[in-house]
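Encoded as structure tokens, the structure appears first; notes follow it.
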Amino acid sequence: MPGYHVALPPADRHRVEASEGEPLLWLALVRLDSDAALVNLRAPVVVNPRRMIGIQVIQTDSPYPVDHRLPLD
């Protein structure tokens, strides 16, 4: 999705033991339906690959959908 951005609050950065500016791995959860892939853009998983610690960042005030539809062409 163009312009997709999720901010990681300082408390969550602390939970994954990442320093400010440390590169993190962001993953979107995908569910396959019969005619589309549904991507959860509201609650991505963020992983600190250096420490192998990850959390799901749930943003209740996010403008992004839980089920963003991607066609399976």
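Taking the criterion of being surrounded by fewer than 14 Cβ atoms within 10 Å (Cβ to Cβ) and at pLDDT 95 or above, the only residue of segment 33-49 that qualifies is PRO49.
Looking across segment 16-32 at every residue that is surrounded by 14 or more Cβ atoms within 10 Å (Cβ to Cβ) and of a type in the set (Gly, Ala, Ser), the one that is modelled with the lowest pLDDT is identified as ALA28. Entry remark, segment 1-15: residues being of a type outside the set (Ser, Thr, Tyr), surrounded by 11 or more Cβ atoms within 10 Å (Cβ to Cβ) and within 27 Å of LEU70 (Cβ to Cβ) number 4 in total. Restricting ALA7, ALA28, ALA37 to those that are hydrophobic (A, V, I, L, M, F, W, C) and not in a strand (DSSP E or B) reduces the list to ALA7. Any residue in segment 51-73 that's more than 21 Å from VAL16 (Cβ to Cβ): show its pairings with residues that are assigned to a loop (DSSP other than H, G, I, E, B) and not aliphatic (A, V, I, L, M) at Cβ separation under 7 Å, as long as the two are six or more apart or on different chains. Pairs found: LEU72/ASP35.
Scanning segment 40-59 for residues that are part of a loop (DSSP other than H, G, I, E, B) and more than 13 Å from the chain's Cα centre (by Cα) turns up PRO49, ARG50, ARG51, MET52.
The values are calculated or read from the model by the stated rules, or taken from the named source; none is laboratory data. Remember, predicted model here, so these are calculated numbers, not experimental data. Here Cβ is always computed from backbone atoms with ideal geometry, including for glycine, and neighbour counts include all displayed protein chains.
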